[in-house]
Structure formats: C-alpha cells, structure tokens
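Engineer: One structure is given below, represented as structure tokens, and several questions about it will come after.
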Amino acid sequence: MTRETQLKLQAWLDGELPAADAPEVERLVERDPQAAALVRELTLTRRWLAAGEVTHPVPESREFYWSQIARRLVPRDHPVSAPGRVFAAWRRWLAWLAPAAACAGLLVLWLWPRWETASRAAARPPEIETPTEEIGTYTFRSESEQMTVVWVNSL
C-alpha cells in the first residue's frame, strides 16, 4: 500500500476526503484486507486518544490568550530604555572597542619612530665613515630642494 493510499484512508476517516473520492476509498476498504486493517487501527487509535485526553478548563476565553500573544508580537512604537539596558549596550560596545583601541595604540607606538619627517632627518648630521685619514668630506644641505650633497675629496 502506498503512502498516498494511506493518507487517503486517513482523510476518509477524518471526513476530510472530497465526496467524489469517498466511494472509491470505501470500495478499497471492502476489497483490500490491508486497507481494512489500517482503517480499524486508525479508528481504535482515535478512540483511545479521545478517551485518554484530559481537559483542563481555564477561566479566561481562548480569545483572551490570543490577544495577549498578539499584543506581544506587535512592535512598540517607542521602545522604553531602562538604565540597565543602556549600560548593557555600552558594555557590549566596550567589549569590542577596548581591544581595538589597545591594538591601535600598539600600532602607533610601533610606527612612531618610522614617522620621521625629512626636515627632522636632515637636522641630524650625516654619519660618514672614512676608512683612511687622507679622505675628506664636505656636506651641503638645501632645504628648498630637500636634498643633501656630500663631496668626497681625497687628499
């Protein structure tokens, strides 16, 4: 028996099957012993469930409960922010900003010596090593051209 046939039998028992299909399903139950067994099992299951179902009466109506649920699902026009919520929001931001600020500070400390401008570098005298005493040097720095010229003279 296919799954579709089982679903048709269940729909027939529940009264949900279209009237045009009902005679065909009734003939199937009369001819097929497997279909008849399934119908008996479903009928017994329905009776047992109905007999064992406990009802709990509630003082309010069904509409009252659904209106409460619907009221909570609709967003508020003006959300109320409690002081604790504001602090929690700041704490969430600080959890990300504090490490980011620490990383930025470490990056600045690491890059600070490398950010020397050309004028600060030119203010220091150039270091020149002379392997012998017979070599002399003259240094000229032009700020307008931002250039340093070193003249090496061998004596």
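Engineer: Where a ≥ b ≥ c are the square roots of the eigenvalues of the C-alpha gyration tensor, would you call segment 3-52 rounded, which needs a/c under 1.5, or, failing that, prolate if a/b is larger than b/c, or oblate? Before the final figure, lay out each step's value.
Structural biologist: On the way: a/c = 2.30, a/b = 1.46, b/c = 1.57.
Verdict is oblate for segment 3-52.
Engineer: Note down the nm distance, to one decimal, between modelled labels 7 Å out along Cα→Cβ at I69 and at L7.
Structural biologist: 2.5 nm
Engineer: Now, a different point. Sorted by packing (mean other beta-carbon atoms within 10 Å per residue), highest first, where do 90-102, 10-22, 54-66 land?
Structural biologist: On the way: 90-102: 9.9, 10-22: 12.0, 54-66: 7.3.
Put in order of decreasing packing, that is 10-22, 90-102, 54-66.
Every number in this text was worked out from the coordinates using simple rules, so none of it is lab data. Because the structure is predicted, anything quoted here is derived from the model rather than measured. Please note: Cβ atoms are built from the backbone with ideal geometry, for glycine as well, and neighbour counts cover all protein chains shown.
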